[in-house]
Amino acid sequence: MAQFTEEMLEEMKATGIISFATASKDGTPNVVPVGMIFMGDDGNIWLVDNYLNKTLANLKENPKAAFYIWTRDFKESYQIKGSVTIENSGPDYLKAVGIAHAKKETYPAKNLIKMKVEEVFYVTPGDHAGNKV
């Protein structure tokens, strides 16, 4: 797994909304704002699917995704890429449903999307932009 640091996790939590990108099998892109994204107990990034129709369809065709994080001081930004799996049963899924319902009981929490971080890149303008972390 690529280096996903505690600092990145803290910045991800502080940001609140993440731009989450997918692409269909034919390469049609889709980017959506996601608020329920966090580090799961298994070391993967967890994303609760409440209303992700196009995103879910893309991930079923092409199980790759990406998102980025800006630090709150805007001194650094990171692009995170990885492979996903989709769960709609089992203990991890039930835990994700509990987290979603704790925020708002009417969230449907249809699926748990788990993203295994495979690559992390610097994307801040400068000499190291595009380099792997």
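The values are calculated or read from the model by the stated rules, or taken from the named source; none is laboratory data. Just so we're clear, the structure is a prediction, and the values are computed from it rather than from any experiment. A quick note on method: Cβ atoms are made from the backbone with ideal geometry, for glycine too, and the neighbour counts reach across all protein chains shown.
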Kindly provide the set of residues from region 82-127 that are in contact with a helix residue (DSSP H, G or I) (Cβ under 8 Å, 6 or more places away or on another chain), free of Cβ contacts under 8 Å to residues at least 60 places away in the same chain and closer than 24 Å to MET8 by Cα, ordered by number.
-> VAL84, ILE86
So how many residues does region 70-97 have that are within 13 Å of GLY40 (Cβ to Cβ) and among the small types (Gly, Ala, Ser)?
-> 3
Return the residue satisfying two criteria in turn: it lies in region 94-118 and is within 17 Å of THR55 (Cα to Cα) and hydrophobic (A, V, I, L, M, F, W, C), and of such residues it is farthest from the chain's Cα centre (by Cα).
-> ALA109
What is the one condition in (1) among the basic types (Lys, Arg); (2) in contact with a strand residue (DSSP E or B) (Cβ under 9 Å, 6 or more places away or on another chain); (3) over 24 Å from PRO125 (Cα atoms) that LYS25 does not satisfy?
-> (2)
Subset of region 37-60 [touching a residue at least 60 places away in the same chain (Cβ under 8 Å) and under 19 Å from LYS103 (Cα atoms)] | PHE38, GLY40, ILE45, TRP46, LEU47, VAL48, ASP49, ASN50, LEU52
Matching option when the condition is touching a His at 6+ places or on another chain (Cβ under 8 Å) and at pLDDT 95 or above, among ALA96, ALA109, ALA66 | ALA109
Could you tell me whether GLY90 is over 19 Å from PRO33 (Cα atoms), over 13 Å from the mean Cα position of the chain (by Cα) and modelled with pLDDT of 95 or more?
-> yes
Only residues in region 20-36 that are more than 14 Å from MET115 (Cα to Cα) count as the first member; pair them with residues that are of a type outside the set (Ser, Thr, Tyr) and loosely packed, with under 12 Cβ neighbours inside 10 Å, Cβ under 9 angstrom, at least 6 apart or cross-chain, and list the lot.
-> ALA23/PRO29; PRO33/ILE17; GLY35/GLY16; GLY35/ILE17
